[in-house]
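Since the structure comes first, as structure tokens, the remarks are kept for the end.
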Amino acid sequence: MTTAQDSGRVYALLADRTTAEIREARPADFDAVLAMHEAMAPDNIYLRFFSYSRRSAEIEARRICRVPDPGKPGSAALLALLDGGLVGVASYAGHLGHPGQAEVAFAVADHMHHKGIATLLLEHLVSLARSRQITTFTADTLSENTAMLEVFADAGLPVQRHFADEVYHLTFPLPRDEDGTALDTYLSAVAERESSADVASLRHIFAPESVVVIGASRRREAIGRIILENIRRGGYAGRLYTVNPRARQINGDRCLASPLDLPEPADLAVIAVPAPAVLGVAEQCGQRGVRSLVVITSGLDRAACADLLAVCRRYGMRLAGPDCFGVAVPGIGLDATFDAIRFRPGVAGLMSQSGGVGVALAGQLSRLGVGISSFASVGSKLDLSGNDMLMWWEHDDTTRLAVLYLESFGNPRKFARTARRVGAKLPVLTVRAAGNGQGSAADQALFDQAGIIATGSVGELAETAALLVTQPVPAGRTVAIVSNAGGAGTLAADACAELGLTVHRPRGLTRRRLRTLLPGGTVTGPVETTAAISAGDFRRCLELLAADDGVDAMIALVQPTGANGDLITAIQEADVRVPLAAVALDQAETVRLMPRPAGDGQIPVYEVPEAAAAALAHAARYGAWRTEPRGQVPSFPDVRAADARALVTGFLHREPGGGWLPPDKTADLLHCYGIWLVDAEPAGSEDEAVKAAGAVSGPVVLKAEVPGLVPGTDAGAAEVDLHTAAEVRAAYRRLTDRFGRRLSRVLVQPMVTDGTEVRIGVTDDRVFGPLVVFGLGGTATGVPADQAARLTPLTDTDADSLIRSIRSAPSPPGHRGTPATDLDTLRELLLRVSRLTDDLPGITELDLSPVITKPHGVFAVDARIKVAPCLPQDHFLRKLR
């Protein structure tokens, strides 16, 4: 993994929400490093160097700041800076005679202890060391150095301790990508620290005690003035200030000439000034100690955006925007937006990259009664991200539903991990962006693995939210349907079947009781009552079905008539203990929330049955994901990752621009990961081809091996289903005629028949990273409707889900009479492919096709692999965008 230190500075939050800069040390840093060490108290000097000698500080500064030796990557040194001043140093140095081992050491300025600096530096050192093939850190620490012992103990790494002569000798292996549980434990510890610091920094945006609006005008139609009035009208109880250098007061309130004139460092500054003035205002805010910015202004070019973010990083300010609608927290009366809608307090957290979509969603949820816990329009999304918002909603005491509309993912892997963790606590919803192709496949893979509920429209999202905030999550996919309008029940049943739900079919005692209750009705499911059913009988029907075995949810559809009384009231009063969605065929609203008697919750009521079915389908899929085991990334002891890296490195040395691996190198690379192609015997002549075919029992395939020809891309490169020596000779001649002198040799391979043909592929998405694609082979290869994808690394659960996701999923032996598949071997093949591409980021494309699945084996017939030079990245390093 290559950390951001390799390409310059990065920023990360400390435990007290301040922002630290992390970068590698340089020779020019000698004076600063020496001064920091010389300023340390004698006791701290002793803890660091095991002596009181001030000479140690100079020796250490020279070691830290020496020019790196490219031929000796076994050492590195990082600095932590705050407001430009050095506050911490961390380094590792390789052990002579022990390749892969390095000793680690830290020093933190005396006035900066207990802020998490050493821990943050350790995380960045671990990331850097892993990218340079360091496998183990060691450290020697005095027993009284409890602070450093705590840093190591809390890091999330498996520490081994040996105590002798008042010194602890610590050894901790660095987690490898293939380590599964060990890596997950470490990443979880990093994520917990990141979440704690992140939430602390966001309090100034979403729980501010003071707000300043910069750019409020005397003109009522000006955006700054609208924001100021919205804050006042919302009833915000905190301290509110206004900055306008050209006005002494606005609407009776005094104006300040500059942010520098603020009587206190405001928690939140809302900036609505012309684009050329934004950087100067942001700089003044930083100088005054303002803690966060919301920049409404649009029109900043790329350079101005970079400068704005640099100002925020330098002063430790969090940033929403620029080019955004603002933020709102209705529960505290904060409406720092310029929209005309009124945000209703509620339980849905909402973040949108598009101001228009965000306002539409906020309006829908407010009108529906779900309401908003916090709203953030992030515009250009320079800083505040989906990860930030998920962590905020995870820890606040109000949000029960997270809603995101993102047009891009800055760090999809970290986002997926965060969303998976948050989704286990509360539903995460999004609107699926329109479009086709690889990007949408990667989006869907992320949504599936992270448990994100992806809806097709703003309206569908609101309809799903109405169900999720009022009803428990379904325990399964079986839905009982009751209707007093015959056609509506059928429509609901058809919609459920299309969406993967099962319509409940009453049996036994329940069916007999329904038959008694509904003479003339249909009781086989969906249950159709007569149009004239009474409210009391309709209620009893609902209760009877809801209590039946196997019912996970219910849809109750009603068409009021003059003969049946108030069926809506019957639904309200029914004692139904499973998730319930009602459909009122005469209502104007697409969805509304209906209260139960005595304030006992609410029931969503939909205009059409399809909407109710869609909401239940989303909830059921979410419920299944939430109860599904998270799975493990398996460790394969037989994998030879070092050999594979050497093979790829050697190829790229010969072909600096990358390209397709030759067939023999492709096979060798696959063998490093325990992936074996069907045996193929090379033949350089017609006679050799006949001899090789004679050693095979059954038909064979002849494949042309031609320099520059990519396997599987030219239908004329293979001759199939050859049974006799004469057929082999004729096929060899056809290949010779077709390719002439370009033909170097042929490969003779048994022809695998009588199985199900599938395809396993990998594509490297520019944003999301490697994507494992699984689908039918043969004539169905490439059909979007019958293939699925998942992001690497796959867990065993991911692999099973991937196999099940395609429409014609392979089946175990004897299942439903379909062709049998060795699912255990197929799962392992998917996991090995995932491991290969995750270990080797230079692989940009991999295709195993065809792969023939049989009851007792899975056979990869052909393969192609494309590699390119690249810099691996640490997707989980703790840093700000």
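The values are calculated or read from the model by the stated rules, or taken from the named source; none is laboratory data. Computed from a predicted structure; not experimentally measured. All Cβ positions, glycine included, derive from the backbone under ideal geometry; neighbour counts span all protein chains shown. For accessibility, only protein heavy atoms count, side chains too; no ligands or nucleic acids. Shrake-Rupley method; radii C 1.70, N 1.55, O 1.52, S 1.80 Å.
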Residue-span extension gain [GLU688 to THR138] - 0.36 nm each, minus C-alpha spacing: 192.2 nm
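Mind checking the full-extension length gain between GLU655 and ARG766? Use 0.36 nm per residue of separation minus the Cα-Cα distance, one decimal, nm.
Full extension of this stretch gives 37.8 nm more.
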Please list, in order along region 260-267, the HN-Hα scalar couplings obtained from phi with the Karplus expression 6.51 cos²θ - 1.76 cosθ + 1.60 (θ = phi - 60°), rounded to whole Hz, x for Gly and Pro. 5, 8, 4, x, 8, x, 5, 5
In nm, to one decimal, how far is the modelled label at GLU628 from the one at THR490, with both set 7 Å along Cα→Cβ? 3.5
Ranked output for segments 462-469, 359-366, 441-448 by mean other Cβ atoms within 10 Å, highest leading, reads 462-469, 359-366, 441-448
Options (1) 87, 65, 64; (2) 87, 87, 56; (3) 106, 72, 47 - which one matches Cα extents along the principal axes in Å as calculated here: (2)
How much length would be gained if the chain were fully extended between ASP679 and ARG254, taking 0.36 nm per residue of separation minus their Cα-Cα distance, in nm to one decimal? 144.6 nm
Within region 569-587, backbone nitrogen closer than 13 Å to the virtual label 7 Å beyond the Cα of ALA598 toward Cβ: 573-575
Going from most exposed to least, what order do MET391, MET751 have by accessible area with a 1.4 Å probe? MET751, MET391
Based on the Cβ-Cβ distance of ARG512 and SER635, what FRET efficiency does E = 1/(1 + (r/R0)^6) give at R0 = 51 Å, to the nearest 0.05? 0.35
Given backbone amide H placed at 1.01 Å from N, residues whose amide H is under 5 Å from that of VAL294, ignoring those fewer than 5 places away on the same chain, are ALA269, VAL270, ILE271, ALA320
If you rank ILE568, ILE481 by how much accessible surface each has, with a 1.4 Å probe, what is the order from largest down? ILE568, ILE481
Could you work out how far apart the two model spin labels at ALA28 and ALA667 are, taking each label as a point 7 Å from the Cα in the direction of the beta carbon, and quote it in nm? 5.5
Which stretch or stretches of region 80-105 have amide N atoms under 19 Å from the point lying 7 Å from ARG161's Cα along the Cα→Cβ direction? 104-105
The FRET efficiency for LEU96 and SER188, from their Cβ-Cβ distance with R0 = 22 Å and rounded to 0.05, is 0.05
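In whole percent, and with a 1.4 Å probe on the protein chains, what portion of the accessible area of the chain is carbon and sulfur?
51
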Can you give me the long-range amide H partners of LEU157? Hydrogens built in the peptide plane at 1.01 Å from N, cutoff under 5 Å, separation of 5 or more residues or another chain. none
Cα centroid distance between region 819-857 and region 621-664, in Å? 11
Keeping all protein chains in the complex and leaving out DNA, RNA and ligands, what accessible area do you get for ARG63 with a 1.4 Å probe, in Å² to the nearest 10? 70
Accessible surface of LYS425 - all protein chains present, 1.4 Å probe, nearest 10 Å²: 120
I want to check the label-to-label distance for SER744 and THR502. Put each point 7 Å from Cα in the C-beta direction and report it in nm to one decimal. 5.5
Distance between the C-alpha centers of region 180-199 and region 506-559? Whole Å please. 50
Compare TYR606, TYR405 by solvent-accessible area with a 1.4 Å probe and give them largest first, with all protein chains kept in place. TYR405, TYR606
To check you understand DSSP bridge types, tell me what percent of the beta bridges within region 290-445 (both residues inside) are antiparallel, rounded to 5. 25
Under-5 Å amide H pairs with THR844, H placed in peptide plane, nonlocal only: LYS866, VAL867, ALA868
Whichever lysines have a C-alpha closer than 26 Å to that of LYS879, once near sequence neighbours (fewer than 8 apart) are set aside: LYS115, LYS381, LYS414, LYS425
DSSP-defined beta bridges in the chain - what % are antiparallel, rounded to 5: 65
Compute the accessible area per residue over region 72-115, keeping the other protein chains in place, probe 1.4 Å, unit Å². 44
From the phi angles alone, apply the Karplus equation (6.51, -1.76, 1.60; θ = phi - 60°) to region 33-50 and give each ³J(HN,Hα) in whole Hz, x where the residue is Gly or Pro. 5, 4, 4, 5, 5, 5, 7, 6, 5, x, 5, 6, 4, 5, 4, 7, 10, 6
Residue-averaged 222 nm ellipticity for the chain, from DSSP H runs of 4+ at -39500 (n - 2.57), nearest 500: -11000 deg cm²/dmol
